[in-house]
Amino acid sequence: MNNSRIFLVYDRKDWQSLRENASLSLTEKNLNNLRAVNDVISMEDVREVYVPIIQLLDVYIKSYYRHQASLINYLNLDQPKKYQPYVIGIAGSVAVGKSTVARLLKSLLSDYYPEKKVDLLTTDGFLYPNKILKERDIMDRKGFPESYDMKRLINFMTDVKNNVPNIQVPKYSHQVYDIVEGERLTINQPDILIVEGINVLQLPSNEKIFVSDFFDFSFYVDASENLIEKWYMQRFGTFMDTAFQDPNNYYYKFNDWDRKEAFAYANQVWETVNLENLREYILPTRLRANLILHKTHNHYIDKILLKKH
């Protein structure tokens, strides 16, 4: 399908020309703290790509609040103490850089709206614990739709939109590769919530309501399969190199492996799990996003696609 029929397609130069004057409190040091493992991002990226995104979101967010106010007035409802939060979804493959995009948007939105509470959540916490995945014999399907507790995720999204206070969410650790038993994250009535995960734009066949039904704006972080594979393998190597001192780390076990053997294993996981998941379940959701960030070599964003309607 011709993307130009659905999206306004901008190259980077045209996109950055949309930017209005804006001062940034974000520093290079803070930016480094937001960067995910093996991701690449610069202050130039922030100015040329992300500042126009924040200013675009401001248009949508202001329209969202006007719509809520008009609807409340038309239906003669009591003015709520707090409007429903504006929810932003971020989808894309593993290792494509979703986490960096999510953290950066949270930082920039918090700076742009100092009076608003901006929270961030990843859907990893809604994966079934490894114990359940093993009982169901789907450990090798971790990350696929059936490995998520979608009912719990949808209930969470419903509570968020209803401004339920102090919602408890399971905590996932990439270091131990599992849900952390007894630990919870708390989401307490944010004004803006960013939800990041590979599954957020998917349409699970066993649910009548989808996660994306709760989104007011959504992103898809895009790149070619070959580049994502390269970034995945680079990230695997970094995890190996930084896990050697922690026996509880999932990647600690690879210390006893021949490095070539370990990378062969990672490549097999990519081919049989992550690539299959990308092709079957993640990539088909790309055109459902409101905005696509297209990356090329070294995580450089060269194109931005904005949905027309």
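The values are calculated or read from the model by the stated rules, or taken from the named source; none is laboratory data. Being a predicted model, the structure only gives us computed values, none of them experimental. Neighbour counts run over all protein chains shown; Cβ positions are idealised from the backbone, glycine included. SASA here: full protein model, heavy atoms, side chains in, ligands and nucleic acids out. Shrake-Rupley method; radii C 1.70, N 1.55, O 1.52, S 1.80 Å.
For the range 42-56, a residue qualifies if it is closer than 14 Å to THR100 by Cβ and either open to solvent by 10 Å² or more (accessible area, probe 1.4 Å) or free of Cβ contacts under 8 Å to residues at least 60 places away in the same chain (or both), and the qualifying residues are SER42, MET43, ASP45, TYR50. Filtered by the rule that a residue be touching a residue at least 40 places away in the same chain (Cβ under 8 Å), more than 13 Å from LEU193 (Cα to Cα) and not charged (D, E, K, R), the range 163-172 gives VAL169, PRO170, TYR172. Cβ separations smaller than 7 Å between residues 6+ apart or across chains give the following pairs from the range 96-116 residues that are part of a loop (DSSP other than H, G, I, E, B) to residues that are acidic (Asp, Glu) and at pLDDT 95 or above: LYS116/ASP191. Looking across the range 49-66, just one residue is closer than 15 Å to LEU305 by Cα and among the hydroxyl-bearing types (Ser, Thr, Tyr), and that is TYR50. Checking the stated criteria, THR186 turns out not to satisfy the condition of being open to solvent by 30 Å² or more (accessible area, probe 1.4 Å), modelled with pLDDT of 95 or more and in a helix (DSSP H, G or I). Can we say ASP39 is in contact (Cβ under 8 Å) with a residue 60 or more places away in the chain and either closer than 30 Å to THR238 by Cβ or open to solvent by 60 Å² or more (accessible area, probe 1.4 Å) (or both)? When the stated conditions are applied, ASP39 passes them. For the range 14-49, taking the residues that are farther than 30 Å from MET240 by Cα and in contact with an Asp or Glu (Cβ under 9 Å, 6 or more places away or on another chain), the one that is modelled with the lowest pLDDT is identified as LEU24. Name the residue that is least open to solvent (accessible area, probe 1.4 Å), counting only residues in the range 57-86 that are over 16 Å from VAL118 (Cβ atoms) and among the aliphatic types (A, V, I, L, M). That would be ILE72. Of all the listed residues (ILE194, ILE167), the sole one being touching a Phe, Trp or Tyr at 6+ places or on another chain (Cβ under 8 Å), of a type in the set (A, V, I, L, M) and at pLDDT 95 or above is ILE167.
Checking the structure you have, find out if any residue of the range 248-258 is more than 19 Å from GLN175 (Cβ to Cβ) and open to solvent by 40 Å² or more (accessible area, probe 1.4 Å). Yes, there is a match, as at least one residue in the range 248-258 is more than 19 Å from GLN175 (Cβ to Cβ) and open to solvent by 40 Å² or more (accessible area, probe 1.4 Å). From the list ASP124, ASP140, the one residue that fits, being acidic (Asp, Glu) and open to solvent by less than 50 Å² (accessible area, probe 1.4 Å), is ASP124.
Quick check: is even one residue across the range 9-23 assigned to a strand (DSSP E or B), among the aromatic types (Phe, Trp, Tyr) and either free of Cβ contacts under 8 Å to residues at least 60 places away in the same chain or over 16 Å from THR100 (Cβ atoms) (or both)? Among the residues of the range 9-23, at least one is assigned to a strand (DSSP E or B), among the aromatic types (Phe, Trp, Tyr) and either free of Cβ contacts under 8 Å to residues at least 60 places away in the same chain or over 16 Å from THR100 (Cβ atoms) (or both), which makes the answer yes. Taking GLN175 as the residue in question, decide whether it is farther than 30 Å from LYS62 by Cβ, assigned to a strand (DSSP E or B) and not aromatic (Phe, Trp, Tyr). No. Checked against the criteria, ASP137 counts as over 15 Å from TYR172 (Cα atoms) and outside any helix (DSSP H, G or I). Only one of the listed residues (LEU193, LEU203, LEU185) is touching a Lys or Arg at 6+ places or on another chain (Cβ under 8 Å) and aliphatic (A, V, I, L, M). That residue is LEU185. The requirement of being at pLDDT below 95, within 18 Å of PHE144 (Cα to Cα), open to solvent by less than 70 Å² (accessible area, probe 1.4 Å) and not hydroxyl-bearing (Ser, Thr, Tyr) is fulfilled nowhere in the range 213-229; no residue meets it. Taken together, the residues in the range 35-90 that are more than 26 Å from the chain's Cα centre (by Cα), of a type outside the set (Lys, Arg) and not in a helix (DSSP H, G or I) amount to 6. In the range 208-253, of all residues being touching a Ser or Thr at 6+ places or on another chain (Cβ under 9 Å) and aliphatic (A, V, I, L, M), the one that is farthest from ALA102 (Cα to Cα) corresponds to ILE209. For ILE132, the test of being in a strand (DSSP E or B) and among the hydrophobic types (A, V, I, L, M, F, W, C) is failed.
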